[in-house]
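**Student:** I have a structure here, written as structure tokens, and I will follow up with some questions on it.
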Amino acid sequence: MNSYDFSGQVAVITGGCNGIGAAVANRLTASGAKIAIWDMDVSSPEARVTAIGAERLLLVQTDVSDLASVEAAQAATEAAFGKVDVLINSAGIAGPTSELADYPADAWRKVQQINTDGTFHTCRTVTPGMIARNYGRIVNVASIAGKEGNPNASAYSASKAAVIAMTKSLGKELASHDIAVNCITPAAAKTRIFDQVSEDFVEFMLSKIPRGRFVTVEEIANMVLWMASAENSFTTGAVFDLSGGRATY
């Protein structure tokens with residue numbers, strides 16, 4: 001396992017109590033970072049999160065779809081740890097599976113508010129401090145659906161395509177600083193997001209992966225760790241594939 005030094009760094013992970021975010025939190029703290037988890041529900045984090053020492057972990061109840069809530073989380077994080085060096089945007093929802101013609105309008109808006117607006121809110125909030133310190137690493141968790149579009153998942157696919165485009169734009173805007181902004185496009189991983197979709201849709205997603213299995217959250221965390229490290233000093237505005245061979249572009 002590759003090792004990176006995050007000593008003295010502070011990382012914010014949205015949706016970090018479970019799934020991908022929790023796996024990233026585990027790797028980052030093992031590498032020396034302090035972690036602030038911004039999550040809607042901080043009452044039941046995974047065991048790998050609760051095992052993190054209290055002096056290195058801050059849990060902040062945060063609604064990423066609400067800019068004021070994100071700004072309050074940023075203030076709480078700076079009060080506790082003084083700064084934010086790394087931002088991992090892993091909060092997200094799948095929304096219902098339905099043909100676009102029948103897709104509930106309120107569900108469409110909710111998916112965009114959390115997946116797209118949430119990423120915008122957190123990036124908007126943390127980047128001024130990163131610019132002032134001339135250092136930062138931002139990793140946005142997009143999806144293979146944002147590249148290819150999944151049938152019966154137009155809201156999710158559109159939201160993740162927006163995250164990819166936002167990553168490219170912000171990466172270019174901040175390229176004159178030592179701030180890297182990149183995203184990953186993983187295939188599906190077995191997390192609580194599976195509870196939001198039908199079994200048929202889960203089987204469809206699996207059938208599209210040449211490796212014949214779902215990606216693990218640990219595999220995603222391994223890639224994220226390098227992207228969030230100081231060693232990633234040149235690449236920005238890029239999309240890192242993690243789709244098991246589904247997307248080779």
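So that you can scan it fast, the table gives a plain yes or no per residue for (1) modelled with pLDDT under 85; (2) more than 30 Å from Lys34 (Cβ to Cβ); (3) aliphatic (A, V, I, L, M); (4) outside any loop (DSSP other than H, G, I, E, B):
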{"site": "Gly212", "(1), (2), (3), (4)": "no, yes, no, no"}
{"site": "Ile220", "(1), (2), (3), (4)": "no, no, yes, yes"}
{"site": "Trp226", "(1), (2), (3), (4)": "no, no, no, yes"}
{"site": "Phe234", "(1), (2), (3), (4)": "no, no, no, no"}
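**Student:** Name the strands (runs of 3 or more DSSP E) wholly within the range 16-115 that hold at least 1 residues that are surrounded by fewer than 20 Cβ atoms within 10 Å (Cβ to Cβ)? Steps first, answer last, please.
**Tutor:** On the way: elements: 34-39, 57-61, 86-89.
Counting at least 1 such residues, we get 57-61.
**Student:** Turning to a different aspect of this structure: Six or more apart or on different chains, Cβ under 9 Å: which pairs go from a residue in the range 127-140 that's in contact (Cβ under 8 Å) with a residue 40 or more places away in the chain to one that's small (Gly, Ala, Ser) and assigned to a helix (DSSP H, G or I)? Could you list them?
**Tutor:** Correct list of pairs: Gly136/Gly129; Ile138/Gly171.
Listed here are the residues, each with its yes/no results for (1) closer than 21 Å to Ser229 by Cβ; (2) of a type in the set (Val, Ile, Thr); (3) open to solvent by less than 20 Å² (accessible area, probe 1.4 Å).
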position: Ile138; (1), (2), (3): yes, yes, yes
position: Ala180; (1), (2), (3): yes, no, yes
position: Thr191; (1), (2), (3): no, yes, no
position: Glu199; (1), (2), (3): no, no, no
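**Student:** Taking interchain pairs and intrachain pairs at least six residues apart, which have beta carbon atoms under 6 angstrom, with the first residue in the range 81-104 and within 21 Å of Val139 (Cβ to Cβ) and the second open to solvent by less than 50 Å² (accessible area, probe 1.4 Å) and assigned to a loop (DSSP other than H, G, I, E, B)?
**Tutor:** Asp85/Gln9; Val86/Ala228; Ser90/Gly15; Ala91/Gly15; Ala91/Val64; Ala94/Val197
**Student:** Here are Ser207, Ser243, Ser157: which of them is open to solvent by 30 Å² or more (accessible area, probe 1.4 Å) and small (Gly, Ala, Ser)? Write out each step before concluding.
**Tutor:** Values: Ser243 fails: open to solvent by 30 Å² or more (accessible area, probe 1.4 Å); Ser157 fails: open to solvent by 30 Å² or more (accessible area, probe 1.4 Å).
Checking each option against the conditions leaves just Ser207.
**Student:** Follow-up question, since we're still on this one. Show the residue pairs that are 6+ apart or on different chains and have beta-carbon atoms under 7 Å apart, the first residue being within the range 209-229 and within 12 Å of Phe240 (Cα to Cα), the second being of a type in the set (Ser, Thr, Tyr) and open to solvent by 10 Å² or more (accessible area, probe 1.4 Å).
**Tutor:** Close Cβ pairs (under 7 Å, with a partner that is of a type in the set (Ser, Thr, Tyr) and open to solvent by 10 Å² or more (accessible area, probe 1.4 Å)) amount to Trp226/Tyr4.
**Student:** Can you list residue pairs whose Cβ atoms sit under 8 Å apart, with the first residue in the range 234-247 being hydrophobic (A, V, I, L, M, F, W, C) and the second being open to solvent by less than 40 Å² (accessible area, probe 1.4 Å) and assigned to a loop (DSSP other than H, G, I, E, B)? Count only pairs 6 or more apart in sequence or on different chains.
**Tutor:** Pairs found: Val239/Ala142; Leu242/Ala187.
The values are calculated or read from the model by the stated rules, or taken from the named source; none is laboratory data. Here the structure is a predicted model, which means the values were calculated and not measured. Positions of Cβ are generated from backbone atoms using ideal geometry, with glycine treated the same way; all protein chains shown enter the neighbour counts. Surface accessibility is based on the protein's heavy atoms, side chains included, excluding ligands, DNA and RNA. Shrake-Rupley method; radii C 1.70, N 1.55, O 1.52, S 1.80 Å.
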